[in-house]
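Below: one structure, written as structure tokens.
The values are calculated or read from the model by the stated rules, or taken from the named source; none is laboratory data. The structure displayed is predicted, hence computed values, not measured ones. Here the Cβ positions follow ideal geometry from the backbone for every residue, glycine too, while neighbour counts run over all protein chains shown. For the accessible areas, the whole protein counts, side chains as well, though only heavy atoms, and no ligand, DNA or RNA atoms are used. Shrake-Rupley method; radii C 1.70, N 1.55, O 1.52, S 1.80 Å.
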Amino acid sequence: MKFESIYQYNFPTTIRFGAGSSKELPDYLLKQGWKNPLVVTDPQVAQLGFFKDLVRNLTQQKISVEVFHDIHKNPVKSDVYKGAEAFDSTHRDSIIGIGGGAALDVARAIALRIHHREDLFKYDDLIGGDVYVTNEVPPFITIPTTAGTGSEVGRSAIIADDETHQKKILFSPKLLAKMVFADPLLTMELPAFITAATGMDALTHNMEAYIAKMPHPMCEGIALEGMSLISQSLEKAVNQPDLESRSMMMIASLMGAVAFQKGLGVVHSMAHPLSSLLDTHHGLANAVNIPYGMEFNYEGFESKFDKMAQALGVTGGKGEKVVDYLFELNDKVHIPRQLRNIGVKEEHLETLSQLAMADFAHPNNPKPLTVEHFMTLYKKAY
Ligand SMILES: NC(=O)c1ccc[n+]([C@@H]2O[C@H](COP(=O)([O-])OP(=O)(O)OC[C@H]3O[C@@H](n4cnc5c(N)ncnc54)[C@H](O)[C@@H]3O)[C@@H](O)[C@H]2O)c1
Ligand SMILES: [Fe+2]
């Protein structure tokens, strides 16, 4: 697949996709009459050359920019409150999220907070809080700089409690970005480790969405193509990045997030507790767990695994080879095979199993799970 221009896609929201698309931001804002954006990012991205260029391009067009980057690696509620204060005190009219999933989630949660001033976690989707999202949300634009979470096209933000570190999901269709500028050039300097971990997150989204319980052929089609793009580009993007592999990864990660409207599964439920308990990067947690989770799902879903094998280009297109393929892909992108190699200790496994059982993702897994299943899976992965 060749990407030679900037394309416009309208599913699920308007996406300007292609090398250089982020340069369209100033003109877009001026056309909309939004001249006072709050730009939300993380402290590392704020220091990068492309970010400084982006801000310079805005100010050169007489757009007044306020940058907010005071956020945690796994974002917490107080980050969102501080960002909303910055929006109010500097009289902003719109919000632009630029960064990985963490920055985009905080930007989206700030957008929610502006006209929804009850405690942030009243809007937690898991307790039906989405029904309270009734007021307007300020104009919200996303610019991803990793190819992983697909948060740029999502409708939810994952924010943790400052004390308990428990992750909450803020969800509403109102939280979809009005415009997405997906510019693979912004990922050219992404370090190999982050490329690998975020890329495996994107692969997990496509695979878990494809086999998730809910029937949704549109999402299944997107997920299969997403897997195929990742199988053709992730290794290259990690080991010898070029614009083509970066472009393929960026569109595939966005497709994963579109597809997972259908649901996620066992792998995300194994991954989430690693982030809340041990601060493990979300993508890395998925990457190590995905072969084990998929092995659990294989029996009874052989024909779906055959289709995934074909999409992934597994030799012979046999579903039974998918787990081996995942281990080998992790090897190629330098991700360890065992949880013991990413800071997990044997004494964590019991707590991890309890937390995984309480997680929101696995009820959509094609096979039901018990806490004993999680313990067995973690022991294998350990
Ligand atoms: N909203 C959703 O649907 C959704 C889905 C999955 C995960 N998430 C959330 O997303 C977060 C993870 O996002 P992520 O995997 O993108 O990681 P991240 O946002 O934590 O970024 C990882 C690291 O990469 C750096 N970085 C980002 N872009 C860069 C670039 N272009 N060049 C160099 N460095 C760069 C960041 O500064 C950070 O240190 C978690 O908080 C997770 O809960 C949200
Ligand atoms: Fe994910």
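Just list whichever of Lys73/Lys236; Lys77/Lys122; Lys82/Lys167 have alpha carbons separated by over 21 Å in the model shown.
Numbers: Lys73/Lys236 26 Å; Lys77/Lys122 12 Å; Lys82/Lys167 18 Å.
Violating the 21 Å Cα-Cα cut-off are Lys73/Lys236.
Using C-alpha positions alone, give me the convex hull volume of region 267-382 per residue in cubic angstrom. Spell out each step's value before the answer.
Values: hull volume 11.0 nm³, N = 116.
In region 267-382, the Cα convex hull volume per residue is 95 Å³.
If you take every residue apart from Asn330 with its C-beta less than 14 Å away from the C-beta of Asn330, what net charge results, scoring Lys and Arg +1 and Asp and Glu -1?
Values: positive: Lys332, Arg337; negative: Asp201, Glu235, Glu295, Asp324, Glu328, Asp331.
That works out to -4.
Lys367: which aspartates and glutamates have alpha carbons under 20 Å from its alpha carbon, excluding same-chain residues fewer than 8 sequence positions away?
Lys367 reaches Glu208, Glu220, Glu295, Glu299, Glu302, Asp306, Glu320, Asp359.
Provide the descending list of Cα extents for region 1-148 along its principal axes, expressed in whole angstroms.
In descending order, the Cα extents are 45, 35, 30 Å.
Let me know the charge dipole size of region 289-368 about its Cα centre in debye, to the nearest 20, where only the beta-carbon of Lys, Arg (+1) and Asp, Glu (-1) is charged. Mind showing how you got there, number by number?
Details: 9 positive and 12 negative charges, 48 e Å.
Dipole size: approximately 240 debye.
Would you list which lysines come within 16 Å of Lys178, measuring only between C-alpha atoms, while excluding same-chain residues fewer than 8 positions from it?
Cα-Cα hits under 16 Å: Lys31, Lys35.
Where the centroid of each part is defined by its Cα atoms, how far is region 16-41 from region 349-363 in Å?
40 Å
Below 9 angstrom from the Cβ of Lys168, what's the summed charge of the other residues (Lys, Arg +1; Asp, Glu -1)? Kindly include the intermediate steps, with their values, before the conclusion.
Values: positive: Lys77, Lys167; negative: Asp124, Asp125, Asp161.
Net charge around Lys168: -1.
Please state, as a whole number in µm²/s, the translational diffusion coefficient that the Stokes-Einstein equation yields for region 99-138 at 25 °C and 0.890 mPa s, with Rh defined as the Kirkwood radius across alpha carbon pairs. Before the final figure, lay out the partial values.
Values: Rh = 10.6 Å.
In µm²/s, the coefficient is 231.
Based solely on its DSSP helices, what 222 nm [θ] is calculated for the chain when runs of n ≥ 4 H residues each add -39,500 (n - 2.57) and the sum is averaged over all residues, nearest 500 deg cm²/dmol? Don't skip to the end; give the middle numbers.
Numbers: 13 runs with 179 residues, N = 382.
Roughly -15000 deg cm²/dmol at 222 nm, from the helical runs in the chain.
To the nearest µm²/s, what D does Stokes-Einstein give for the chain at 20 °C and 1.002 mPa s, using the Kirkwood radius over alpha carbon pairs as Rh?
Working: Rh = 20.8 Å.
Rounded to a whole number, D works out at 103 µm²/s.
Quick one: dipole size for the chain, taken about the Cα centre, charges +1 on Lys/Arg Cβ and -1 on Asp/Glu Cβ, in debye to the nearest 20.
Numbers: 36 positive and 45 negative charges, 130 e Å.
My answer is approximately 620 debye.
Give me the percent of the accessible area of the chain that comes from carbon and sulfur atoms, probe 1.4 Å, all protein chains in place. If you can, show how the numbers build up before the last one.
Numbers: 8110 of 15510 Å².
Percent of accessible area from carbon and sulfur atoms in the chain: 52.
Output the peptides 252-258, 353-359, 125-131, 42-48 sorted from most to least packed, where packing is the average of other Cβ atoms within 10 Å over each peptide's residues.
Working: 252-258: 28.1, 353-359: 19.0, 125-131: 14.4, 42-48: 16.0.
The most tightly packed comes first, giving 252-258, 353-359, 42-48, 125-131.
How long are the semi-axes of the equivalent ellipsoid of region 173-247, taking √(5λ) for every eigenvalue λ of the Cα gyration tensor, in whole Å from largest down? Don't jump to the answer; show the numbers that get you there.
On the way: eigenvalues 114, 58, 23 Å².
With the √(5λ) rule applied to region 173-247, the semi-axes are 24, 17, 11 Å.
Please compute the per residue accessible area over the chain with all protein chains in place, 1.4 Å probe, rounded to a whole number of Å². The partial results should precede the final answer.
On the way: 15510 Å² over 382 residues.
For the chain, the per-residue accessible area is 41 Å².
In region 299-374, which trypsin sites (Lys or Arg not before Pro) fall in coil by DSSP and have 16 or fewer other Cβ atoms within 10 Å?
On the way: sites: Lys304, Lys307, Lys318, Lys321, Lys332, Arg337, Arg340, Lys345; in loops: Lys318, Arg337, Lys345.
Listed in order of number, the matching sites are Lys318, Arg337, Lys345.
Ignoring ligands, DNA and RNA, how do Arg92, Arg108, Arg56 rank by accessible area with a 1.4 Å probe, largest first? Mind showing how you got there, number by number?
Values: Arg92 30, Arg108 0, Arg56 120 Å².
Result, largest first: Arg56, Arg92, Arg108.
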